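K.L.:
Could you have a look at this structure, given as structure tokens, before my questions?
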Amino acid sequence: MKKTPIGIFDSGYGGLTILNKIRKHLPQYDYVYLGDNARTPYGSRSFEIVYQYTLQCVKALFAMNCRLVILACNTASAKALRTIQQRDLPKIDATRRVLGVIRPTIEAVGQITKNQHVGLLATSGTVQSQSYPAEIHKLFPEIKITSEECPMWVPLIENNEFENVGADFFIKKNVENLLKKDSQIDTIILGCTHYPLIHKQIEHFAGERIKVFSQGEVVAKSLADYLKRHTEIEERCSKGSSCSYFTTESSEKFCSSASIFLKEKIAAQHLELK
């Protein structure tokens, strides 16, 4: 039986925050990370385009022997995951799996909120998809979720400007906008994988009474639980503690920007999607 790495996909760099937590929680496995940096951002694109791009990248990871792929991207999870799971996997290979980041996040938030008032800070694409409210109400119909689009945050982070005063202006503005919509919010979901880099600023502007949580730790624990419950998949995952990086953009540019998220130097390869 051929052993295979776990694939991690994101439209850009944010998924590296998910990968980082997964590797810390599950260091024994081999991983392949693919960033579709040439076509990022996905957030403002239509459902159909996000679906087409995501499926193309999932197939690329499948071609690299990944049988399990994590969409470490909220936009892809919101706009493409369900279609890929229901329509494409049965035709490609019914034994392969593609998982997202929204469901485990929602399962966690239901255990965290005390008063059932939850806020969501995310990209325009994720907010407009309405995926978070739809999924939350399936599991926790009593929760009231209020959303705020944060279009400036990803560019600030990817341009390494997120620690400047100018970034604080936009972070404060969006957090305050969210809390004006519902002053009872006691829990805030960071619905974009870039946002852990500005977690402390968000906490500062949200105030001590509000719990702000990122997805990385939640997704890592959820993946560990998934592999424990699905031994037929876990047994096929190779365990060499390695990680390979691929990007649809320039590998030099990817490596430079990736250091913002990983705090370490990496080597990446350019991948031409077919």
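K.L.:
Return the pairs, sorted by first residue and then second, in which the second residue is open to solvent by 70 Å² or more (accessible area, probe 1.4 Å), the first residue lies in the stretch 13-30 and is on the phi < 0 side of the Ramachandran plot, the beta carbons are less than 6 Å apart, and the residues are 6+ apart or on different chains.
P.N.:
Pairs that qualify, where the first residue is on the phi < 0 side of the Ramachandran plot and the partner is open to solvent by 70 Å² or more (accessible area, probe 1.4 Å), are Lys21/Glu217; Gln28/Lys239; Tyr29/Lys239.
K.L.:
Looking at the stretch 11-20 only, could you name the residues that are within 13 Å of Val101 (Cα to Cα) and either out of contact with any Phe, Trp or Tyr (no Cβ under 8 Å at 6 or more places or on another chain) or open to solvent by 10 Å² or more (accessible area, probe 1.4 Å) (or both)?
P.N.:
Within the stretch 11-20, Thr17, Ile18 qualify.
K.L.:
Next question, about the same structure. Is it the case, given these coordinates, that Lys114 is without any contact (Cβ under 8 Å) to a residue 60 or more places away in the chain and not hydroxyl-bearing (Ser, Thr, Tyr)?
P.N.:
no
K.L.:
Return only the number of the condition from (1) open to solvent by less than 10 Å² (accessible area, probe 1.4 Å); (2) of a type in the set (Gly, Ala, Ser); (3) closer than 18 Å to Leu223 by Cβ that Ser77 does not satisfy.
P.N.:
(1)
K.L.:
So, of the residues in the stretch 245-274 that are closer than 10 Å to Gly35 by Cα and hydroxyl-bearing (Ser, Thr, Tyr), which turns out to be farthest from the chain's Cα centre (by Cα)?
P.N.:
The residue in question is Thr248.
K.L.:
Now, a different point. Note down all Cβ pairs under 8 Å where the first residue falls in the stretch 233-244 and is closer than 9 Å to Pro5 by Cα, the second is open to solvent by 50 Å² or more (accessible area, probe 1.4 Å) and part of a loop (DSSP other than H, G, I, E, B), and they're at least six residues apart or on different chains.
P.N.:
Arg236/Met1; Arg236/Lys2; Arg236/Lys3; Cys237/Lys3; Ser238/Lys3; Lys239/Lys3; Lys239/Gln28
The values are calculated or read from the model by the stated rules, or taken from the named source; none is laboratory data. These numbers were taken from a predicted model, which means no experiment stands behind them. When we count neighbours, we look across all protein chains shown, and the Cβ atoms used for this are built from the backbone with ideal geometry, even at glycine. When the accessible area is computed, the model is the full protein with side chains, heavy atoms only, and any ligands, DNA or RNA have been set aside. Shrake-Rupley method; radii C 1.70, N 1.55, O 1.52, S 1.80 Å.
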